[in-house]
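Undergrad: Following this message is one structure expressed as structure tokens.
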Amino acid sequence: MTLAPERHASTKPQGINPRLRVQSDTPRPQRPALKKSGRPNPAAHLTPEQIEGIGHELDALRKEVMDSRGERDAAYIRKVIKTQRYLEMGSRAVLLFSGVKVKGIRPAWWLGTAGLSVAKILENMEIGHNVMHGQWDWMRDPKIHSTAWEWDNASPASQWKHSHNEIHHTFTNVLGRDNDLGYGILRVDEDQKWTLFSLFQPIWHVGNALLFEYSIAAYDLELGKYVATKNRMTDEQKAEFRANRSEVLQKIKRQATKDYLVHPAMSAVTGSARTTLTANLVANLVRNVWTNTVIICGHFPPGISTFEKTSIEGETRGEWYLRQMLGSGNISGSKAMHVMTGNLSHQIEHHLFPDMPSNRYAQIAPRIQDLMERHELPYVTGSLWKQAASVYWKVVELSLPNKVEGRRRRDIVRLELKKAQQKRRRARR
């Protein structure tokens, strides 16, 4: 962990969305039984009064937990940080001898790489992600504060906090507003428009997992939006993009220098420069794939709902809470697994209370599940392997157009290919 330079842009973490009122100024309509796509609406049976009641119950639960924060919570995060630091330092020390062979294998390489992989995962998930959400700001510790933390990742903290805390957690799973929904390259819901680009998403999905930290950096930079709209941008907007791009490139340079130059150079004295380099590369790949897997399991498995832009107009806090519950999924497992996921295995609880200390999510999870079951709402959860497999299958299935009665999907693909070819021919004339 290093202290980040002072930020001038607002990166204030989001707790209860401040733009929402407990009650609406006007009567809220009953939710329709079906969405525009024709799929059932899982919250159609709830009255506006019931949704308001859910909001009051969750407000009370949040206050109860936040008022009880204390030394036990502070000791928890300090212990995790201390453990991560010792694990990283110890692993890097072991890698000084990663080139030494014992009976044909390099035990120091395997041990050091495993330790470094775990250390990087802990730093990103249970520490970096949660610290930057403001979960530990109440401690008033300048070294464990959302405005000061810079994580071991290609994406600068300020840009990540804007795209994640301010946009994703405000507009969770709202089509056209939440760019985290497929990260702009994946179609993960039937209500998302299908294009020929979708055919290749099983390939994009694997590539995105392997290079996840760089994908997130490009995503936080809004690189795709810049490419698509740069001809319509003002000079000020272009200048802002160039400044952000420079910040990202500088961060990537620092990360690459640390992992692929400095530490291998330190191992050169023991003849282990090359093996230390490969260990760092593998540790980063392991961290990327693990982080991607945890994220997709919390956002994209079957049973997760998406929402139209119009559905959040005049949204109350109870309706926002409802959207967080229906738009997230959990991962079941051991305490160790929860820590390794940054407690994002409790994604439903995290989306409800993003600034609540992560060690409290397991405590409130049974109460959230009880609340949802009492209101006949699906509490989506499952093992890591089950959730991950379901998402990978969904990515493959949704690479094809939706099934339409009376039409074969391959015919829809052929028609779109024909239209694309005709468009190219017209453009050449």
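Undergrad: Take His169, His350 and order them by how many other Cβ atoms sit within 10 Å, fewest up front. Don't skip to the end; give the middle numbers.
TA: Details: His169 21, His350 25.
So the ranking, lowest neighbour count to highest, is His169, His350.
Undergrad: May I ask which residue of Gly55, Met337, Gly104 lies farthest towards the positive end of the charge dipole of the range 55-397, with charges of +1 (Lys, Arg) and -1 (Asp, Glu) on Cβ and the Cα centre as origin?
TA: Looking along the dipole axis, the top candidate is Gly104.
Undergrad: With each label point set 7 Å from Cα along the Cα-Cβ vector, what nm distance links Val206 and Arg274?
TA: 2.7 nm
Undergrad: What is the distance, in nm, between label points placed 7 Å from the Cα along the Cα-to-Cβ direction at Arg414 and at Lys335?
TA: The answer from the label model is 6.0 nm.
Undergrad: For the chain, what is the percent of antiparallel DSSP beta bridges, rounded to the nearest 5? Mind dumping the intermediate values first?
TA: Values: 5 of 9 bridges.
Antiparallel bridges: around 55 percent, rounded to the nearest 5.
Undergrad: Another question, if that's okay. Using 0.36 nm times the number of residues separating Lys309 and Arg425, minus their current alpha carbon distance, what extension gain do you get? Spell out each step's value before the answer.
TA: Numbers: separation 116, 0.36 × 116 = 41.76 nm, distance 3.55 nm.
The Lys309-Arg425 span can extend by a further 38.2 nm.
Undergrad: Given H placed 1.01 Å from N in the peptide plane, which residues other than close sequence neighbours of Ser332 have an amide H under 5 Å from its amide H?
TA: For Ser332, the qualifying residues are Gly382, Ser383, Leu384.
Undergrad: Still on this structure, I have one more. Short version: ³J(HN,Hα) in whole Hz for each residue of the range 398-408, in order, from phi by Karplus 6.51 cos²θ - 1.76 cosθ + 1.60 (θ = phi - 60°), x for Gly and Pro, what are they?
TA: Couplings: 7, 5, 9, x, 4, 5, 10, 4, x, 10, 8 Hz.
Undergrad: Contour minus end-to-end for Thr47 and Ala60, with contour as 0.36 nm per residue of separation and end-to-end as the Cα-Cα distance? Please report the intermediate quantities before stating the final value.
TA: On the way: separation 13, 0.36 × 13 = 4.68 nm, distance 2.03 nm.
Result: 2.7 nm gained on full extension.
Undergrad: Kindly rank 126-138, 353-365, 258-270 from highest to lowest mean number of other beta carbons found within 10 Å of each residue.
TA: Working: 126-138: 23.5, 353-365: 21.3, 258-270: 15.2.
In decreasing order of mean packing, 126-138, 353-365, 258-270 become 126-138, 353-365, 258-270.
Undergrad: For the range 43-107, which trypsin sites (Lys or Arg not before Pro) are in a loop by DSSP, counting at most 13 other Cβ atoms within 10 Å? Don't jump to the answer; show the numbers that get you there.
TA: Values: sites: Arg62, Lys63, Arg69, Arg72, Arg78, Lys79, Lys82, Arg85, Arg92, Lys101, Lys103; in loops: Arg69, Lys101, Lys103.
Answer by residue number: Lys101, Lys103.
Bear in mind that the values in this text are calculations on the coordinates, not laboratory data. This one's a predicted model, so the numbers in the text were calculated from it and none came from an experiment. In this analysis, Cβ positions are derived from the backbone assuming ideal geometry, glycine residues included, and neighbour counts consider all displayed protein chains.
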